[in-house]
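The values are calculated or read from the model by the stated rules, or taken from the named source; none is laboratory data. Model, not experiment: these values are computed from the prediction. Heads up, the Cβs are rebuilt from the backbone with ideal geometry, glycines too, and the neighbour counts pull from every protein chain shown. What goes into the accessible areas is simple: the full protein's heavy atoms, side chains included, and nothing from ligands, DNA or RNA. Shrake-Rupley method; radii C 1.70, N 1.55, O 1.52, S 1.80 Å.
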Amino acid sequence: MAVITVDDTGDYHKFISGGNLTYTEMKTFFQKFKGNELTRHLKTEDPFAENNVGPLYKWIGSLFHQRVKESKEDILVLFFASWDIHYKEILKYFPILADKLRIMNPNVKLVTVDATLNDVTGVPIESYPVIYFIRADKKSSPIRYMLKLKGEKAIAKFIKKNTSFPWKDIATEERLADRDEVDDDEDEVARDEL
């Protein structure tokens, strides 16, 4: 058995060949490839590896496009390699950002995909980690996040700039909550004085 990988305009296609790779078989293979008659091979984790309970989701390669298609939210996807040191840095604040997004924009889903265990088509992954933002209204045009800007605030700013949904400033929300608590205290004092 052999795995044949074809680079078709930056998107890698993997196929399994059952026999020896003779000239005739390769010729037949490329004719079938051009005729779109072959089934692509995608490396993927077991479906039980998925975690679809937020705020931080884990998706697998074979179900990635189905999940994107079904989602009504914007999606920020972190493609990673578990051994990568940069991923380990991002992992420190990614769950915190996922929690804060529930307030700032509950219509954004944060997703992780282990790219060493899962192939995903249509999204170029040339190095680890890589982050893409997929708008709910433009699913075929993922926006790449450049990792020069690091930290939870930089990623939140990127999401805010690209989201297709309204955004709440978490600092403003916290100030409003603090003000409401002060107002409640003043009401209690005023009732006590009566």
Among chymotrypsin sites (Phe, Trp or Tyr not before Pro) in the range 41-113, those in a DSSP loop whose Cβ has at most 12 other Cβ atoms within 10 Å are Trp83
Cα-Cα pairs in the range 59-127 separated by more than 16 Å, as a whole percent of all pairs, come to 51
Order by accessible surface, 1.4 Å probe, largest leading, for residues Asp114, Asp169 comes to Asp169, Asp114
Contour minus Cα-Cα span, Ser140 to Lys27, at 0.36 nm per residue, comes to 37.5 nm
Along the range 43-60, Karplus-curve 3J(HN,Hα) (6.51, -1.76, 1.60; θ = phi - 60°) to the nearest Hz, with x for Gly and Pro, reads 6, 8, 6, 5, x, 5, 6, 5, 10, 10, 10, x, x, 10, 9, 10, 10, 10
Output ordering of 22-35, 131-144 (per-residue mean of other Cβ within 10 Å, highest first) is 131-144, 22-35
Heavy-atom accessible area with a 1.4 angstrom probe orders Asp46, Asp119, most exposed first, as Asp46, Asp119
